[in-house]
Amino acid sequence: MNIIRTGKAARSGWIGTGIVILLLAFSAALGAQDKDKDKKPSKPAPTHSAPSRSAPAPHSEAAAPPTHEHGASTPPSNTGHNPGNTAPPANNGSSRPGGTTVYSPNNRPSGGNTTPPANNGNNRPGGTTVYSPNNRPSGGNNTPPANNGNNRPGGNPSGGFNRSPGTNANSVNGRSSFPARATIYHAPGGGQVQTRADGSIREVRTSNGAIIHHAPDGVRRVEVVRPGGRVIVANARGIGYVQRPLVVGNTTFIQRTYVVNNVSYARVYRPWVWGGVSFSVYTPVRFYSPGFYAYAYTPWARPIAYGWGWGGSPWFGFYGGWFTPYPYYASPAFWLTDYLMAQTLQDAYQARMADAAANAQAANYGATPLTPDVKQAIADEVKRQLDQERAEQQSVNSMQASGPPPMFSGNGPHVFVVASSLDVDSGGQTCPVTEGDVLQLNSPPPPNAAYAQIVVLASKGQDCRKGSMVSVALADLQEMQNQMRATIDQGLGDLQSKQGQGGLPTLPPSAAGQATNAPYAAQVKPDATAASDLSQVSQDADRAEQDVVNQSMSGSGGAPPATVALGQSIQDVEAIMGKPSNVADLGSKKIYVYKDLKITFVDGKVTDVQ
């Protein structure tokens, strides 16, 4: 009997232990959402990423961009991830301050299907957990951890116009990364046509200087440079922006007047030069109170459900298999994450519909949906950009455009949401990244670099494969961040103006202060002629593009096509193009100037063609 009683006692003990373990695990899952509650809003990092996507709420005379309606309908009953409600693995050894994860699929060993362990024992200061399927034998299938709570990969109202035209000497027109290989046809009457490897037209340059870019999704953008530093960028329907210098006191800014649905509004950027590359860095025209930034950074007392009202929207159906909003929001940062993604995809859809040549057919986006860990990485970037804006608020009168731009600040990775489709190079092959794809920069590029190596965290359809490394022009990365930051600013405006509606909590008194205009805000006014300028440029491009294409591709009198590819040597290029008319010798970097082309070499290899 004693033996029987002892056995029963032992079993009871094991059962009791099991119950305790289950309760602890359940508590951890519930407690994960409140993880951020114990964190006081961190002090703004003096140098963090710079946001810029949708337009900020209106200030003085800078008209507000058109807003997208978010109704108070019942939140979607989908299986979307509940932010903050996933318990991290108990044995994740990456307990480092900051908690940022870097996904780096590069140095692979030879052979074997290696799935990195969920418990990464990288206890390193600096807050960066590094997942490196890079150090592996060649030939293995590298599967990143599917959903490890601690191992996370780190309305463009203008319809995708997010470039810095004419400002980046190291990217093609400051507009898109040069593909790995392209064929260039010259027209006898002036101008040229650049085609992709599949024969589709990538870019047309007319004899009067217009540059007409065809994005991978078929959307067309026209860029024309005018005297006085004016640049006009328009799509097929005359939607876009007009850019010009803006001088306030002794400081020069860049102003862009956007026109969408016959509404004009202005944004401001700081010119920034680093390593020989020019950037336009988004700058807010108004700042919120410190208490409001702290509120946006801090978890809510309890998760909320919010009715976005997207259910019947065509764009939501188009991307529905890929993007799923959270069913509940633990903090404003997660709400802003869905706001950012929704605006990006909505604007991309509208740009496709506005361009008859664009591919309006939805791909099988549900095959590679946006995963919770990637959305967490975006939310982390939203917080970094909130920190950056708080820091700028403190130094708005003394902002210096020196050193690396803010998107390279800090020790951890930075995440970018693609706002306009690009052709990029991936291991010598060209592939597209399109609106809503998510990229991660693990470390800043070296000085004087024109491109950065980026990890694709999330992609759709036929875009560059998730986990692949791609080369992206630095100016394009800056414009992605610009669009992100402008969208976050617009989202902050909605968060403030729609408090108490649709499920949003009422602001606490500490966050209820009014926004204040930046010192330069009074000088920011939309250009009165922007709408007519955009319409005229679009119409002129229709005629000029057809003339150049007909002359270049007909084979009658035009120069034979020249194929220039990334990685070609100076000798290769001279054999194809002949001797240049001028050479800019910058040491390891050389720029060959031809009649219609500029070809950049770094260490004797082609890195860019304009």
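Points to keep in mind about this one:
- Segment 317-328 - residue that is under 22 Å from the mean Cα position of the chain (by Cα) and either modelled with pLDDT of 95 or more or outside any helix (DSSP H, G or I) (or both) and, of those, nearest to residue 302 (Cα to Cα): 326
- Subset of segment 265-304 [touching a strand residue (DSSP E or B) at 6+ places or on another chain (Cβ under 8 Å), modelled with pLDDT of 95 or more and surrounded by fewer than 21 Cβ atoms within 10 Å (Cβ to Cβ)]: 300, 303, 304
- Pairs, first within 13 Å of residue 330 (Cβ to Cβ) in segment 367-386, second modelled with pLDDT of 95 or more and aromatic (Phe, Trp, Tyr), C-beta under 7 Å, six or more apart: 379/334
- Every residue from segment 423-447 that is in contact with a Lys or Arg (Cβ under 8 Å, 6 or more places away or on another chain), under 19 Å from residue 194 (Cβ atoms) and either among the β-branched types (Val, Ile, Thr) or not assigned by TED's automatic domain parsing to the domain that holds residue 411 (or both): 430
- Selection within segment 462-476 - at pLDDT below 95, in a loop (DSSP other than H, G, I, E, B) and either in contact with a Phe, Trp or Tyr (Cβ under 6 Å, 6 or more places away or on another chain) or of a type in the set (S, T, N, Q) (or both): 462
- Residue check, residue 268 outside the structural domain of residue 403 (by TED's automatic domain parsing), farther than 25 Å from residue 608 by Cα, β-branched (Val, Ile, Thr) and touching a Pro at 6+ places or on another chain (Cβ under 6 Å): no
- Only a single criterion out of (1) crowded, with 18+ Cβ neighbours inside 10 Å; (2) at pLDDT below 85 is not satisfied by residue 530, namely (2).
- Residue list for segment 187-208, filter: within 15 Å of residue 540 (Cβ to Cβ) and among the charged types (D, E, K, R): 205
- Sole residue being surrounded by fewer than 16 Cβ atoms within 10 Å (Cβ to Cβ) and over 20 Å from the mean Cα position of the chain (by Cα), chosen from 238, 249: 249
- One residue from 551, 514 being modelled with pLDDT under 90 and under 25 Å from residue 284 (Cβ atoms): 514
- Among the residues of segment 507-539, the ones that are closer than 26 Å to residue 394 by Cα and either part of a helix (DSSP H, G or I) or among the polar types (S, T, N, Q) (or both) come to 9 in all.
- Subset of segment 477-506 that is touching a strand residue (DSSP E or B) at 6+ places or on another chain (Cβ under 9 Å) and in a loop (DSSP other than H, G, I, E, B) - its residue that is farthest from residue 294 (Cα to Cα): 503
- Of all residues in segment 576-610, those satisfying the criterion of being small (Gly, Ala, Ser) and more than 23 Å from residue 205 (Cα to Cα) are 587, 588, 604.
- Of all residues in segment 423-452, those satisfying the criterion of being within 22 Å of residue 371 (Cα to Cα) and in a strand (DSSP E or B) are 431, 432, 433, 438, 439, 440, 441.
- When we screen 203, 223 for residues that are under 22 Å from residue 464 (Cα atoms) and modelled with pLDDT of 85 or more, the only hit is 203.
- Residues satisfying the stated conditions in segment 332-356, i.e. small (Gly, Ala, Ser) and either surrounded by 24 or more Cβ atoms within 10 Å (Cβ to Cβ) or assigned to a helix (DSSP H, G or I) (or both): 333, 342, 348, 351, 354
The values are calculated or read from the model by the stated rules, or taken from the named source; none is laboratory data. All figures in this text were calculated on a predicted structure; none of them were measured in a lab. Please note: Cβ atoms are built from the backbone with ideal geometry, for glycine as well, and neighbour counts cover all protein chains shown.
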